[in-house]
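Since the structure comes first, as structure tokens, the remarks are kept for the end.
The values are calculated or read from the model by the stated rules, or taken from the named source; none is laboratory data. Being a predicted model, the structure only gives us computed values, none of them experimental. Glycine gets a Cβ as well: all are built from the backbone with ideal geometry, and neighbour counts include every protein chain shown. The area values use the complete protein model at the heavy-atom level, side chains included, leaving out ligands, DNA and RNA. Shrake-Rupley method; radii C 1.70, N 1.55, O 1.52, S 1.80 Å.
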Amino acid sequence: MKLKEFAKQLGLSPTTVSRALSGYPEVSEKTRKRVAEEAVRLGYRPNVNAVRLVTGRAGAIGVVMGRNGEFQFSEYMSGMAERLDSQDIDILVSPIAEQGGKDESQLYSRLATSGRVDAVIIHSPMPNDERIALLHRLGMPFLVHGRSETEVPHAWLDIDNEGAIRRATSHLIDLGHRRIAMINGRAGLTFSLHRDQGYRKALEQRGIPFDPRLIAHGHFTDELGFRFARSFLEQSPQPTAFVAGSMMTVLGVYRAVRSFGLVVGRDVSVIAHDDVFPYLTADNMVPSLSTTRSSLRAAGARSADLVLQLLSGKPATEIHELWSVELILRESTGPVPHSDAIPDKTG
């Protein structure tokens, strides 16, 4: 069925039908809903190129991917793709070697001015992120996956990183642990700063002094997790618990603990953040891994939803979502070994 035939059946103009299917705000919600329902009932799918000519849109969302984040990025992109498929909207992925610097700014500028994308998603924001100011200045709609402290108005979707790590650390303290090491993401990123704050607050609330020797920052990789965990375990006294920033990191932590002849869950407790990867599950690790849990695929799908809302005219200042994070306890956490037990001073 062609657009003219479909529009005739609805008693609407082809332009109105095209704009309704594309979510334009000047078309009433009632009309958009009617057109969408009839399209499903009659099996109508618009010609993508024709719709783009009518609406003036590119029919694509731009995403910049750092080469050190492919593992996490794939799940997020899968969620986006599942949501956008029904909208006939493509994803334009632009790789970049490392976040920050002149090259990245130029890449975002090209995306915004090329006409190839209708909106952009920013990942791994910093507190004062120049990309946000740049895209706002260029008039390009954008969503931040994460948060920033900049005063530039922007739409964002984030998880409660501070609350997640505070809960994880507090649980370990409840088990009697006092020397708790944390392997966090790259320094300077907002989510890493929020996790640092959650870790420190949990210690402070229980009167445990912060030890800078028990915290490390870096990319979420098995190798870095192993190296950081080894360096912590070489200290005297050793940490009795770890909070790991990702599932990839915790693979290295498990290896490091075993290399010292220690047993996870008995000698050393471990909690990690789980982005819910189907090919690396907490339940299948040995021992099963206690986690804070939030689906990266679900975040990708919701990000696509929020971008569509932006493109439909919803103000960026009205798109702010903060997701709570589950704490799921399994076999990798247990009471501190008796000789290292610390009495609870909170009374």
Next item on the list: Considering only the range 171-180, state which residues are assigned to a helix (DSSP H, G or I), of a type outside the set (A, V, I, L, M) and surrounded by 19 or more Cβ atoms within 10 Å (Cβ to Cβ).
Entry: 171
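Among the listed residues 290, 303, 259, identify the single one that is small (Gly, Ala, Ser), open to solvent by less than 10 Å² (accessible area, probe 1.4 Å) and farther than 15 Å from residue 158 by Cα.
Going through 290, 303, 259 in turn, just one is small (Gly, Ala, Ser), open to solvent by less than 10 Å² (accessible area, probe 1.4 Å) and farther than 15 Å from residue 158 by Cα: 290.
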Check: Take the residues of the range 37-60 that are out of contact with any Asp or Glu (no Cβ under 7 Å at 6 or more places or on another chain), at pLDDT 85 or above and open to solvent by less than 50 Å² (accessible area, probe 1.4 Å): which is nearest to residue 308 (Cα to Cα)?
Finding: 39
Note to self: For a quick check of your reading: which strands (runs of 3 or more DSSP E) sit entirely within the range 181-293 and have at least 1 residues that are under 17 Å from the mean Cα position of the chain (by Cα) and of a type in the set (A, V, I, L, M)?
What the structure shows: 241-244, 269-274
Checklist line | Filtered residues of the range 131-173 (kept if over 28 Å from residue 62 (Cα atoms), without any contact (Cβ under 8 Å) to a residue 40 or more places away in the chain and not charged (D, E, K, R)) | finding: 170, 173
Check: Just checking, which of 78, 105, 109 is outside any loop (DSSP other than H, G, I, E, B) and under 30 Å from residue 278 (Cβ atoms)?
Finding: 78
Next item on the list: Taking residue 332 as the residue in question, decide whether it is among the polar types (S, T, N, Q) and part of a loop (DSSP other than H, G, I, E, B).
Entry: yes
Check: Restricting the search to the range 306-317, which residues are within 19 Å of residue 118 (Cβ to Cβ) and either part of a strand (DSSP E or B) or open to solvent by 40 Å² or more (accessible area, probe 1.4 Å) (or both)?
Finding: 309, 313, 314, 315
Note to self: Condition check: open to solvent by 10 Å² or more (accessible area, probe 1.4 Å), at pLDDT below 95 and charged (D, E, K, R). Does residue 275 satisfy that?
What the structure shows: yes
Notebook entry, point to check: Any idea which of 12, 3, 21 is modelled with pLDDT of 85 or more, surrounded by 13 or more Cβ atoms within 10 Å (Cβ to Cβ), of a type outside the set (Asp, Glu) and on the phi < 0 side of the Ramachandran plot?
Noted result: 12
Margin query: If I ask for residues that are in contact with a helix residue (DSSP H, G or I) (Cβ under 6 Å, 6 or more places away or on another chain) and over 13 Å from residue 292 (Cβ atoms), which ones from the range 150-183 would you list?
Written below: 150, 152, 153, 154, 155, 157, 180, 181, 183
Notebook entry, point to check: Is at least one residue of the range 240-253 at pLDDT 95 or above and in contact with a Lys or Arg (Cβ under 6 Å, 6 or more places away or on another chain)?
Noted result: yes
Checklist line | Scan of the range 219-239 for residues that are in contact with a Lys or Arg (Cβ under 7 Å, 6 or more places away or on another chain) and open to solvent by less than 10 Å² (accessible area, probe 1.4 Å), ordered by number | finding: 239
Next item on the list: Would you point out the residue of the range 70-87, among those that are at pLDDT below 85, crowded, with 16+ Cβ neighbours inside 10 Å and not polar (S, T, N, Q), that is farthest from the chain's Cα centre (by Cα)?
Entry: 71
Check: Does the range 113-124 contain any residue that is open to solvent by 40 Å² or more (accessible area, probe 1.4 Å), at pLDDT 95 or above and either more than 20 Å from residue 310 (Cβ to Cβ) or not β-branched (Val, Ile, Thr) (or both)?
Finding: no
